[in-house]
Structures are given as structure tokens and as C-alpha cells.
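Structure record follows, encoded as C-alpha cells.
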Amino acid sequence: MKKLFIILMVTGVVAVSCKTNQKEMDAQNPFFQEWSTPFGTPPFDKIKPQHYQPAFSRAMGEQQKEIEKIANNPEAPTFENTIVAFDASGSLLNKVNGVFNNLLEANTSDTLQQIAEVITPDLSKHSDWILMNEKLFSRIKSVYNNQAKEKLNPEQKRLLEETYKLFVRSGANLNENEKNKLKMINKDIASLTLKFSNNVLAETNAYKLVIDKKQDLAGLPEAVITTAAEDAKQAGMPGKWVFTLQKPSMIPFLTYAENRALREKIYKAYLSRGNNNNSNDNKAIIAKIVLLRADRAKMLGYKNHAAYVLDNNMAKTPDKAFALLNQLWKAALPVAKKEVKEMQAIIDKEGKNFKLESWDWWYYAEKVKKAKYALDEEMIRPYFKLENVREGAFAVANKLYGYTFSERKDIPVYHPDVKVYEVKDSTGNQLGILYLDYFPRASKKGGAWMEEYRRQWKPEGKNVLPIVCNVGNFTKPAGNDPALLSWDDVLTLFHEFGHALHGLSSNNNYYSLSGTAVATDFVELPSQIMENWAAEPEVLKMFAKHYKTGEVIPDELIAKIKNSGHFN
């Protein structure tokens, strides 16, 4: 066999065979095809891990050619042939990135993480090659300095300003030595940030609080115990109970478990993620990131990393950010101290000889809430069936904006938990597609977020519909009960749905300005507005119905929710 392989290699047969295989692989790569799915949604059932690296490679190559064409255009630079052309470049890269980055956060695997480790430095290098391209920046600068001749409308002016600022903030004005140094810094920050995130997920998944004595479950609601038993069974430990660092598991334990030592144990495990002197330790990574960010900020003319970040946001300066925080701190601190006294009073009344610690906070805050407002989480949770809360959010969007949401079961999903909805406006025109992915799993990072698989924009006047997602980590169904949300979960669902509406309501001509591509301190406005609707009595009565009886939440409970709204 060795001899035959050598002969084939010398004669070139192997090379031809490799090229043929590559062509076959490219022909099978979904990223190189027009997606025939409804609305051009990602064909998750066809996309495999082996498709990503070839897709990234080709996508970066295509964008490089597009950039070279813009930079070497013999015509004088104009808004159309430079700014608009740059904005429209990289469509294949956006397509690949949209799928890969979302799955890396919502449904990752060892393979995807390995691909990310390989591709992240390449993407950083590719980005720097574009944003430090002297010829391209020269054209952009020319358009920026002569914009009065262009007679631009407000959206076009915004695109020009943001494009120019992007290049300046990315080092386009630096000399060659400084650019090379910045490229190394960007590469290292990108790789370290990815490693940091992977370590946190690994630490989260590695920890299990295993309970084998029933008395250690004292105080926990039955639904929480049932879920812990199911998690133990899935972990190969039938007859025991498992609690994890996923918040739907950890927070109820901290809120209700009478065993203080176990509360401390799980709390400290959560706080210590990345700080266990093992292969997932993040201390050195944090130190490197901090130093690299400081170096980058100084190279670009900023006092520190905070000044660099905030200059591109509404706050503008660290001083203004601290002014707001101190204003809040001044008002909040006396209230927090008063609440601590109330919690300590309960501890003393119970005859316990200890001072309130951070791992006691949830437990005693719940006791104060029950004593002070006659309200505890388990009184209201039965009214917040996940499906009802979701439909409530949809109903609010319908009343406010006329939007409708229809489930589509013919659109591929990346996990069985995911549901897909077609969104239409008040006239029946399609607005976009919404994916909802609400339950925790080991392949998903913690928290809740909104992201875009595809942004809305209008290349050459043709409207591209947005594809957005809401991802969360809410309580799963337990036993025969459906998924019942906490009040915080309800607010989170409404909040993230507000971000989704922001992305779905986009009506922009240019990719770079589309959807949630706004200042990061402004991006929270639509979500805060939506979140604040959740507690309105009229809205609560639309969706808060007891999952067993169908009873609408009574006025008495609504009043208690309202009265306790500023507690804790």
C-alpha cells in the first residue's frame, strides 16, 4: 500500500483526487448554497461541524476581494462606491458568523469550541487587515472630509460617521509599527476572551451538589425537589438529588433550602468558577486581558479601557457613568442597609447565632418578603406557566404594534427545545422570524440574551427580513407540571422579547446600522420599555392564569407584586 501511495503521489493522482474531494465537499456545504428553507432560515438539519472552517475560509477570501476592489477603484471616492460598497461587503462571512456564533453560545460542543479556537485568530487578522487598510481608509476619509458635496440624508450621514469612527477606533491612523502591535493585541484579546468564556461554561457544567439525605432538602418546594431528582437520574444517580450552577437550579436552592452549610457550598462554587487553580482557571487570563485592553486604549489615545469603550456610547466618559452610578448608590445604599437589618432581625428571632452572609441573602430576603408583604415566590409561580407568559408578551406586542406571531413547525431548529415563529405586522406583511430557546442545558451558556442570525437591511433596495432569537435559562417542566416561571423569569422573558422586537422592527437601508446595532447603553431602552409592561395589572390579567384551574391572577396578588416591586 505504501508503494502504491508513493506512485500515486508522484504522478499527481492524489492531488487530483484531493481537488475532486474538495469540490464535492464544497458542493455539499450548505453555506455555499442558496437556502431553500422558508424565509431562507438556516438549514440546521444540514449544517455539520465540518462545514464551518471551509465556509469561513472562503467567506474571508471573498470579502478580501471585495475590499481590494473598493480600495483600488480608479474612480474618485464617493459615498456609494466606498461607504455603501464597504457596508455591503462580507455577506457570506455574515451568513456563516450568524449561525456559528449563535450556536457557539446556545448549543455548543467540544468540536465547535475547537473550531472557534482555530478560527478566532484568523477572524481577528482578517478584521485588522480590513480596518487598517491604508488605501481603503484613505477613500473613506476623503468621503468623510467632503461629505457636504454628497447631500446625504440623516441615515447616510450616520453610516458615514459610524464607518469613519470604526476605522479610527480600530487603528487606521496608527503608523506601521503601531498597527502591527495592535494586530497582535487584538488577536490575543480575541483568543483569551474565547478561552475565558469556555472556562466559565466548563466550570458551570463540572459542578454538582449531590444530596443523598432527604433531610437536606428541607424547605425546598416539591417542584424543585422533583427537578433535582430528575437531574440526578439523568446524571446516573437515581435515588439522589442533584443541584447545579444553572440558575433555575441554584437560585431556588439558595432561596428555600434550610441547610445553611449547603447554601454556602453551592453559592461559593458559583462564585469560584474559573478560580479553582485547574485547567479552567481564569485568573491569569483576566490579568492578560486587562493589560492588553489598557495597552490598546493608550495606543488609540484613550486614558484607559473604560474611556475607550464609553467614547462610543451615550455615556461618553467614565466620569459620567460614575455620576449615574453614584446617584443610584446614594439612594440605594440606605435602603439595602435597612433590608439587611430586617433580615438579621429574623435570624436573631430564630435564635441563630450568626451574621447575615451573602449566601444567606436569597433565603432571608424571601422570609422578609413573606413577613412584610405576605408574598412568596411559590404563591405566584403557578400563575406563570411559560407558554402563557410567552403568549402574554405576544399579546402586548399585538396591542401596541399590531404584530402577530404564528408558530412554524416546518422551519429547521438546532435543538428540540427551540420553537420558531413567523412575525407579521398589522397589515399582514412579514416582519421576520423569531426563534425561542428557553431551557438550560450543558451546551448553553448562562443568562438570557437576544441575537440575530440575519439582520434586516436593503441591499440594492431589496428588503432582507431579520431572523432573530431569544435564548434563556428558565425553569424546565418538572414531573407532571409545566415550566413555571419565577417573577424574575417573567421580567426577563419580557425584557429579552423587547430586544427581539427591536431587531424585528428594523427598517434600515444599511447593514451596519440595522436592528440592535446601536450604542450599547441605548440598546436597553426597547427592552426596558417591554419589561415594564409585564407588571401592569391589565397585562398580568392577559397571561397570568393558574396552570391547574385557569383562574386569572387575583387583584390581591397583583397588589402584592406591585407593593414588593422595589424590595431587595
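How much length is gained on full extension from residue 460 to residue 275, taking 0.36 nm per residue of separation minus their Cα-Cα distance? Don't jump to the answer; show the numbers that get you there.
Details: separation 185, 0.36 × 185 = 66.60 nm, distance 5.09 nm.
Extending this stretch completely gives an extra 61.5 nm.
Roughly what angle does helix 283-299 make with the longest principal axis of the chain, taking Cα atoms, 0 to 90 degrees, to the nearest 10?
Helix 283-299 sits at roughly 50 degrees to that axis.
Calculated FRET efficiency, residue 176 and residue 287, Cβ-Cβ r, R0 25 Å, to nearest 0.05?
Details: r = 29 Å, r/R0 = 1.16.
Computed FRET efficiency for residue 176 and residue 287: 0.30.
Can you check what the net charge comes to around residue 230, using other residues whose Cβ is under 14 Å from the Cβ of residue 230 (Lys, Arg +1; Asp, Glu -1)? All intermediate terms of the calculation are to be shown ahead of the outcome.
Working: positive: 208, 233, 240, 441, 476; negative: 222, 231, 481.
That works out to +2.
May I have the pair-distance distribution P(r) for the range 484-568, computed from all Cα-Cα distances with 10 Å bins from 0 and rounded to whole percent?
Reading the bins upward from 0: 16, 40, 25, 15, 5.
Sort the following peptides by mean Cβ neighbour count (other Cβ atoms within 10 Å, averaged over residues), highest first: 457-463, 467-473.
Highest to lowest by the protection proxy: 467-473, 457-463.
Taking all pairs of different Cα atoms in the range 28-92, averaging 1/r and flipping that mean, what Kirkwood radius in angstroms comes out?
Numbers: mean 1/r = 0.0729 Å⁻¹.
Every distinct Cα pair counted, the radius reaches 13.7 Å.
What does the convex hull of the Cα atoms come to per residue for the chain, in Å³?
Working: hull volume 121.0 nm³, N = 568.
Normalising the Cα hull of the chain by residue number yields 213 Å³.
By average Cβ neighbour count within 10 Å, what is the ranking of 53-59, 331-337 from highest down?
Values: 53-59: 18.4, 331-337: 10.4.
Sorting 53-59, 331-337 by mean packing, highest first, produces 53-59, 331-337.
Would you report the distance distribution of C-alpha pairs in the range 451-518 as whole percents per 5 angstrom bin, up to the bin with the largest distance?
4, 17, 21, 16, 12, 10, 8, 6, 4, 2, 0
Consider all pairwise Cα distances in the range 353-480 and report the whole-number % of them above 17 Å. Can you show the working numbers first?
Details: 5766 of 8128 pairs.
I get 71 percent for the Cα pairs in the range 353-480 exceeding 17 Å.
So what is the orientation-averaged projected area of the range 197-298, using the convex hull of its C-alpha atoms, in nm²?
Numbers: hull surface 31.0 nm².
The Cα convex hull of the range 197-298, projected and averaged over all directions, gives 7.8 nm².
Given R₀ = 51 Å, what would the calculated FRET efficiency be for residue 335 paired with residue 158, taking r from the Cβ atoms and rounding to 0.05?
Taking R0 as 51 Å, the efficiency between residue 335 and residue 158 is 0.80.
If the limit is 21 Å between Cα atoms, which of 247/320; 208/240; 367/562; 247/476; 233/367 go over it? Provide the component values of the computation, followed by the final result.
Values: 247/320 33 Å; 208/240 12 Å; 367/562 18 Å; 247/476 11 Å; 233/367 31 Å.
With Cα atoms farther than 21 Å apart: 247/320; 233/367.
Past 19 Å, Cα to Cα, is the threshold; run 338/370; 183/298; 157/458; 385/445 against it and keep the listed order. It would help to have the intermediate numbers written out before the result.
Values: 338/370 16 Å; 183/298 14 Å; 157/458 17 Å; 385/445 23 Å.
Beyond 19 Å: 385/445.
Please report, in whole Å³, the volume per residue of the convex hull around the C-alpha atoms of the range 244-361.
Numbers: hull volume 19.0 nm³, N = 118.
It is 161 Å³ per residue.
Roughly what would the spin-label model give for residue 25 and residue 522, points 7 Å off Cα along C-beta, in nm?
Simple spin-label model gives 4.4 nm for this pair.
List the aspartates and glutamates whose Cα sits under 20 Å from the Cα of residue 179, skipping any in the same chain fewer than 8 residues away.
Residue 179 reaches 68, 122, 128, 134, 188, 295.
Stretched out fully, how many nm does the piece from residue 57 to residue 529 gain, at 0.36 nm a residue minus the Cα gap? Working shown, then result.
Numbers: separation 472, 0.36 × 472 = 169.92 nm, distance 4.10 nm.
Stretched out fully, the residue 57 to residue 529 stretch lengthens by 165.8 nm.
A short reminder: the numbers here are calculations on the coordinates, not readings from a lab. Nothing here was measured: the structure is a model prediction, and the numbers come from that model. When we count neighbours, we look across all protein chains shown, and the Cβ atoms used for this are built from the backbone with ideal geometry, even at glycine.
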